[in-house]
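The block underneath contains the structure these notes are about, expressed in structure tokens.
The values are calculated or read from the model by the stated rules, or taken from the named source; none is laboratory data. These figures come from a predicted structure and were not determined experimentally. As a convention, Cβ positions derive from the backbone with ideal geometry for all residues, glycine included, and neighbour counts pool all protein chains shown.
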2 protein chains.
Amino acid sequence: MENFTFFNPTQIEFGAGKEQLIGQHLAERGIKRVMLCYGSERFKREGLFDTVSNSLTEKGIELVEFGGIVSNPLISKVRDGIASARANKVEAILAVGGGSVLDSAKTIAAGVSYEGDVWDLFTGKAGITSALPIFSIMTLAATGSEMNLFAVVTNEDSKEKLFIGAPALYPKVSIVNPELMRGVPRDYLVYSAADVIAHSIEAYFTATVHPKLQSRLVESVINTVIETTETLLDDPSDYNARAQFAWAATLALNGLTIAGCAGFSYPNHAIEHSLSALFNVPHGAGLSVIMPAWMKWYQSRNPAQFKRFADSVFGVATPEQGISALETWFNKIGTPTRLSQLGIKEADLPAIVENAYINARTFGIADTYNLDVLSTILGSAL
Amino acid sequence: MENFTFFNPTQIEFGAGKEQLIGQHLAERGIKRVMLCYGSERFKREGLFDTVSNSLTEKGIELVEFGGIVSNPLISKVRDGIASARANKVEAILAVGGGSVLDSAKTIAAGVSYEGDVWDLFTGKAGITSALPIFSIMTLAATGSEMNLFAVVTNEDSKEKLFIGAPALYPKVSIVNPELMRGVPRDYLVYSAADVIAHSIEAYFTATVHPKLQSRLVESVINTVIETTETLLDDPSDYNARAQFAWAATLALNGLTIAGCAGFSYPNHAIEHSLSALFNVPHGAGLSVIMPAWMKWYQSRNPAQFKRFADSVFGVATPEQGISALETWFNKIGTPTRLSQLGIKEADLPAIVENAYINARTFGIADTYNLDVLSTILGSAL
């Protein structure tokens, strides 16, 4: 077991009705003016906006609206957000939405405190030392952003999808109400399942040190995601399944499962980010395509852990059967497993490989994931 | 799944050598004078004291010593600690030891901020609104106190062993270095295993709402404790086993496994605290006696969960076989399963029952655990 620091100061407020107290959480922290980040105008029609704005108004908190954030969120939009946050002198950022809205909110919060161009924080030209306090109300469970210090944003000019991470980006309070996720469309539910599984398996398979306790925690998350996704596809109104899915999504990327692990990397994310950056593919849909292809290529490097996965998750005997069972399950729930299902053709591969190689460098894994290897993996996913 | 708040701001510094940075952690928080709580003078002979005091001195931090804390720590000693902390105007409390030392340190930290007698905080006569900042360096993994807001102390006059809990009691930083636990005697290792299992099973069996994800997390902890205890009994120098045991102990009582659970209680702790209070029994040894007896009495109230436990932990089919397997395992590792092994006789039962009934009231479960029920459970453990 490797030395580690575990420190996660985010307060999770989980359950039905919790969004009604958002005003109180901000007021307790002395906040008087907040920027409310969101995605589509649907949010305003569905009652949640009224709940949030009433809760803020009751506590005398002013609200500056910032809507129109799209999935695979864009750095240009973030720049607009920073300008508005400065102009309106907001004291905090509140995200209401999924991971894209929250990641944009985190980036705005960090960007306000940085004098240069915010993309510098992604390229490593500058570090993040402070940020406005961040709050969230989640309407989609997938990215784990509600309880971690990461944010992922796409630069549409350079076609790069990169991430930032810093302690200042832990949300102060994240509200996770499974009822607000009931309306998540079927396709986004299954993409989210793939995303949570991807978060779970990256370190699980790639770590050079992966204590068995941590493997057990990862399998607890994956088995819960598989079980609750099936329940929700049958009955989207099953609150208990929705809740466990959401809590599993949070635990998959809040630092818990990687404590004591060493030498791990995020190759599936490095490759998928290129699909999202170049073709605006939903992140989870890209991951369900990449994962089986990557696993087939990678499994001989860690056969014991792939055997463990096969047995603990799908009750099958060999690494190959485990990978095949996962691919079959993705097909069953209806998330893609082939690039062709995303409209990506063989002729597109060179551009993807080139972009993914840049990501591999950013992720520090370009030695292993060189152009040849990336071509092999992506080629097998056609 | 029940609504919940998850908020745990303790920073865990886990691994070899981490105690060398204790001075830095205090200095970062502006602390200039600290009370160092510990147990026996052995601590001074074994080098750890020098490491800690050098680390503090390097950062210009003054150290006020407060040694002699015993297991099943006493409120009289805590009162002495509060007096010394006030007289020396310490700004923080640092515990170096196991759960007893840390729980005493937490209580001193809270007591300094309360004008009346500190026992009032245990009886509910007064609440805990603030405490001096608390730090810990753990030399025993068992109680989970390093990452939670609880403390348990015995009042030797009234023969009560009670607990306090408040957010101010979360340690700021807890250092968990498995190497410092290598010298834990064999008997305290197996008592600790019983303690961690007890923390894991209370909510697991008694909750009226216990989401399956949470059951899986609990089983991950229990299976790790069983496996690593056996490894450590064979080879006390196995760092990886020691480390996973310690991390499992922390996770068992840091709020993670009970998130979303409802209607649970701590009957095994309520009963065991009487054994410790009246006979100064090691907490874990008392628990390994109480648990099988309690399980046999309780299992028909939650047969599905007992069946799950039997299968997931011991790979056996029925609730009865699961309980029997646990008792057999306790016997195998050498932690007691009978009151007689603790030197407790039938004639002692009435006093224990009476004391446990007071605890049951404190724990809010006296309706179920009345004098008759307590007699039945304790009688079956003779």
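Can B:E46 be described as of a type in the set (D, E) and in contact with a Lys or Arg (Cβ under 6 Å, 6 or more places away or on another chain)?
In short, no.
Checking the condition away from chain A (no Cβ under 14 Å), in contact with a Gly (Cβ under 8 Å, 6 or more places away or on another chain) and of a type in the set (V, I, T), which residue from B:I61, B:I75 passes?
Working: B:I75 fails: in contact with a Gly (Cβ under 8 Å, 6 or more places away or on another chain).
None of the other options fit; the residue is B:I61.
For region A:352-367, what are the residues that are in a loop (DSSP other than H, G, I, E, B) and free of Cβ contacts under 8 Å to residues at least 24 places away in the same chain?
A:A366, A:D367
Residues to consider are A:A285, A:A293, A:A325, A:A317; find the one that is part of a loop (DSSP other than H, G, I, E, B), at pLDDT 95 or above and among the hydrophobic types (A, V, I, L, M, F, W, C).
A:A317
Identify the residue in region B:303-324 that is among the hydrophobic types (A, V, I, L, M, F, W, C) and surrounded by fewer than 19 Cβ atoms within 10 Å (Cβ to Cβ) and, among all such residues, is farthest from A:S312 (Cα to Cα).
Step one: of region B:303-324, the residues among the hydrophobic types (A, V, I, L, M, F, W, C) are B:304, B:306, B:309-310, B:313-314, B:316-317, B:323.
Narrowing the set further to residues that are surrounded by fewer than 19 Cβ atoms within 10 Å (Cβ to Cβ) leaves B:304, B:316-317.
Numbers: B:A304: 21, B:V316: 17, B:A317: 19 Å.
Going through the qualifying residues, I end up with B:A304.
Look through A:N254, A:N177, A:N268, A:N223 and report the one residue that is over 16 Å from the mean Cα position of the chain (by Cα), crowded, with 22+ Cβ neighbours inside 10 Å and not acidic (D, E).
On inspection, the qualifying residue turns out to be A:N177.
Is it fair to say A:V153 is under 22 Å from A:D195 (Cα atoms) and touching a residue at least 40 places away in the same chain (Cβ under 8 Å)?
So A:V153 passes the test.
I'd like the full set of residues that are more than 13 Å from chain A (Cβ to nearest Cβ) and part of a helix (DSSP H, G or I), limited to region B:231-266. Even if it seems obvious, please write down each step before you answer.
At the first step, the residues of region B:231-266 found to be more than 13 Å from chain A (Cβ to nearest Cβ) are B:232-237, B:253, B:263-266.
Correct list: B:L232, B:L233, B:D234.
Please determine whether any residue of region A:203-220 is in a helix (DSSP H, G or I), closer than 14 Å to A:S312 by Cα and acidic (D, E). Give the steps one after another, and end with the answer.
Taking region A:203-220 as the starting set, the residues that turn out to be in a helix (DSSP H, G or I) are A:203-206, A:212-220.
Retained after the next criterion (residues that are closer than 14 Å to A:S312 by Cα): A:204-205, A:212-220.
Those left that are additionally acidic (D, E): A:219.
Among the residues of region A:203-220, at least one is in a helix (DSSP H, G or I), closer than 14 Å to A:S312 by Cα and acidic (D, E), which makes the answer yes.
What are the residue pairs meeting all of these: first residue in region B:285-298, first residue in contact (Cβ under 8 Å) with a residue 60 or more places away in the chain and in the same structural domain as B:I222 (by TED's automatic domain parsing), second residue among the aromatic types (F, W, Y) and assigned to a helix (DSSP H, G or I), Cβ atoms under 6 Å, and 6 or more apart or on different chains?
Correct list of pairs: B:A285/B:Y191; B:S288/B:F330.
Conditions (1) more than 30 Å from B:N177 (Cα to Cα); (2) hydrophobic (A, V, I, L, M, F, W, C); (3) surrounded by 15 or more Cβ atoms within 10 Å (Cβ to Cβ); (4) assigned by TED's automatic domain parsing to the domain that holds A:S130, marked per residue:
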site	(1), (2), (3), (4)
A:F4	no, yes, yes, no
A:E19	yes, no, yes, yes
A:G30	yes, no, no, yes
A:G47	yes, no, no, yes
A:T51	yes, no, yes, yes
A:N54	yes, no, no, yes
A:L74	yes, yes, yes, yes
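Which of the residues belonging to region A:1-47 are acidic (D, E) and within 14 Å of chain B (Cβ to nearest Cβ)?
The answer is A:E2, A:E13, A:E19, A:E28.
Determine whether region B:165-174 contains at least one residue that is over 20 Å from B:A92 (Cα atoms), over 14 Å from the mean Cα position of the chain (by Cα) and either of a type in the set (S, T, N, Q) or buried (at least 21 other Cβ atoms within 10 Å of the Cβ) (or both).
Restricting attention to region B:165-174, the residues satisfying the condition of being over 20 Å from B:A92 (Cα atoms) are none.
No, region B:165-174 contains no residue that is over 20 Å from B:A92 (Cα atoms), over 14 Å from the mean Cα position of the chain (by Cα) and either of a type in the set (S, T, N, Q) or buried (at least 21 other Cβ atoms within 10 Å of the Cβ) (or both).
At pLDDT 95 or above, in a helix (DSSP H, G or I) and buried (at least 21 other Cβ atoms within 10 Å of the Cβ): is that true of B:L349 in this structure?
No, not satisfied.
(1) among the aliphatic types (A, V, I, L, M); (2) more than 18 Å from A:Q244 (Cβ to Cβ); (3) in contact (Cβ under 8 Å) with a residue 60 or more places away in the chain: which one isn't true of A:A207, the others all being true?
(3)
Where residues in region A:208-220 are in contact with a Phe, Trp or Tyr (Cβ under 9 Å, 6 or more places away or on another chain) and under 25 Å from A:S300 (Cβ atoms), which of them is nearest to the other protein chains (Cβ to nearest Cβ)?
Looking at the filtered set, the residue picked out is A:P211.
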